[in-house]
1. For the chain, what is the mean residue ellipticity at 222 nm derived from helices alone (per DSSP H run of n ≥ 4: -39500 (n - 2.57); sum divided by total residues; nearest 500 deg cm²/dmol)?
2. Solvent-accessible area of residue 310, probe 1.4 Å, all protein chains present, reported in Å² to the nearest ten, please.
3. With a ≥ b ≥ c taken as the square roots of the eigenvalues of the C-alpha gyration tensor of the stretch 267-331, please select rounded if a/c is under 1.5 and otherwise prolate if a/b is larger than b/c or oblate if it is not?
4. Please give, to one decimal in nm, the separation of the simple spin-label points placed at residue 305 and residue 361, each 7 Å out from Cα toward the Cβ.
5. For mean projected area of the Cα convex hull in nm², pick the label among (i) 37.9; (ii) 48.4; (iii) 28.3 that corresponds to the value derived from the coordinates.
6. Amide H to amide H under 5 Å from residue 365: which residues, 5+ apart in sequence or cross-chain, H placed 1.01 Å off N in plane?
7. I'd like to know how the stretch 350-495 sits against the 2.2 N^0.38 Å rule of thumb: what's its Cα Rg over that expected value?
8. Bin all alpha-carbon pair distances of the stretch 289-360 at 5 Å intervals from 0 and give each bin's fraction as a whole percent.
Amino acid sequence: MEIRKYVALLWQWAWLIILGVIIAAGVAYIVSINTTPVYQASASLLIDQAPGASGNTYADVLTIEKISQTYVELLTVSDVLNEVITELNLPIEASRLRSQISASAPVNTQILRITVQDTNPDRAAAIANSTAASFIRYNERTQAARYNEPATNLQLELTTAGNQIEALETQINTLALNEDLSSAQQAELSRLETQLREQQSLYNSVFNDLQALRIKSATESNNVLVVESATPNPAPIRPRPLNNTLLAAVVGGMLALGIIFLIDYLDDTVKTPDEVTMDTGLSAIGVVSFIKGEDLHDRLITHSTPRAPVSEAYRVLRTNLEFSSIDDKLRSILITSASPGEGKSTTAANLGTVIAQAGNRVILVDADLRRPSQHKVLQVPNNQGLTTALLDSDTPISYHIQQTKVPGLRIMTSGPLPPNPSELLRSQRMQQVLEELNNEADFVIVDTPPTLTVADASILAPRVNGAVLVLKIASTRRDALIQAQESLHKTGANVLGVVMNQATPGRGGYYNYYYYRYYNYEYGDKKPTKQRNPLARWFASASNK
C-alpha cells in the first residue's frame, strides 16, 4: 500500500515535477548560452633528476615526490608570474593570473602539468608555454644560487693567485737578465722562486676546488625540461549547455520531489479511504466527485443529470447505507460534518433524491437553524418549516412539509431562524416531530450544522437510526475528523460511516473514477474523444484542487 500511495502522490503532483524540470533546465540553458566561454590549455614539464641521486631507494622516491610538490607550489610564485606578464604584455596583476593557472604533479611520475584557463584559447596556450619557460629559468637561477657564493670566492682566490704568480714571474725574469748577481740578489731570486712555486701550488689547488664545485653543481642540480608545449583548444571547457541543462533538470526534478514529500509530510488532511479507517475505524461508504456550479441549486445533480458519474456515486452511497444496517432497517439518518464547507447539505439533498428515485417516500429536514441552505438547493420558500413545527404542536406535521421538484422527495425547511437553536433541538417536542416524520415517510434525512462548530448534531444524532459524517478530501484535517467522531460517539450516536466529498476523477485511484469513464462512454454525457495529453490532464487536475 505504501508503494501505491507514493505512486499516487507522484501522479498527483507530476505537473509540479515537470514544471520544476522545465524551469530548472530552461534557466540553466539560458545562463549557459549567455556565459562567456572559457578555454583550457596545458603544458607538461619533466623533472630531470640530478645524476647524483640514484633514485633506487625508498628515500630517493620520497625525495622526488617532495620535489614535485615543491615545484607545484613554485610554479605560481610572483617572480614567475611577473615575468610571464611582462613577456606577454598582459593587462592583469599576478594575483589575477595566479587564479587562472593550476599546477599538478601526477602520482608516481616526474611530470609537472601546467593548466591555464582563459576566455581566449590562443592566450591560454601562450600563458601556459610562457609560464613553463619562465619557471625553467627561475629554477636554473635557484639551483645556481646555491653555488654562486663559494664559486665566487674560489674564483677570487684563483684570480689573486694568478696575479701573484704573474708578479713573481716578472720579478724573477728581471733578476735573471742580470748575469752578474750579487749574493744578495741570488738570495732574493731564490726566495722569489720559492714563492712562485707556492703560488703555483695554491693556484692549482684553488682551480681543482673550483672545478670540483662546478662538477658538484652539475651533478646535484635538478633540471626541468618542456616535454609537451601547450596548443590552443577551440572547444571551451565551460559552459557546457547540454550537460548543464541535463544536470539542472535532474536537480529541478529532485527539488520538486523534495517539496512534494515535504508537503505530504506536513499535510494532515484526509485524502484516502484507508486514512479514514486507520484514524476512526469507520468505513468510507461513499466517494463523491466535485460538483460544478456556482449556485446552490446547481448542486442537485442527481435530479438534473441522473446519469452523471457523480449521480452514480450517490447511488453507491445509498446502497452502502442499506447494507450498513441489515438487522434494523434504516428509517432516519443524520448528515453532518466536522467543519463548515465540506458539502454536508449537498450530500443530504442528493442522497434524498436518489433514495426517492428508488421509489421511497423521503422527507429532508433542514435542522441547521443557524445557516440553513436546503431551501436554496431545492428552491422552495422558507417561511415555515422545522421551527414552526416545533412551536405549533396542534397543526398536523404535514402542514410544515413542502413538495419539491423531485418526485417522492419532500422537504421540511428550517423555517424562521430562532435565537435558541440548541434548546429547541434538545426539546421533547423535537423528538415528537421526528416520530411524526417517520410516520409520514419511508425515510427521513436530517441535515445538521457541523459537529465541531455547535452541539446541534450531537443533540440530534442519538434520536435517529444512524449518523453519517461528510468530509472534504484533502481539506478536512485528520484530528478534526477524529474529534467529530468522538463527539458523536459520546452521545451514543450510531455513526454509519464517512462520505468523502469533492474527489477529483482519476485522482489517487478513487473508485468513482471508473464510474466516471464508464458512464461517460455508455450514456454519452460526454462523447468519447481522443484523450488529452498527460500534461494537460495533470494541469487540469491541479487546478481543481
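1. Dividing the helical sum by the residues of the chain leaves -18000 deg cm²/dmol.
2. 10
3. In terms of gyration-tensor shape, oblate.
4. The two pseudo-label positions are separated by 3.3 nm.
5. (ii)
6. Residues meeting the amide H criterion: 412, 445, 446, 447.
7. That ratio works out to 1.02.
8. Bins of 5 Å from zero give 3, 15, 26, 25, 18, 9, 3, 1, 0 percent of pairs.
The values are calculated or read from the model by the stated rules, or taken from the named source; none is laboratory data. No experiment lies behind these values; they were computed from the predicted model shown. Neighbour counts run over all protein chains shown; Cβ positions are idealised from the backbone, glycine included. To get the accessible areas, we keep the full protein, side chains included, count just its heavy atoms, and leave off ligands, DNA and RNA. Shrake-Rupley method; radii C 1.70, N 1.55, O 1.52, S 1.80 Å.
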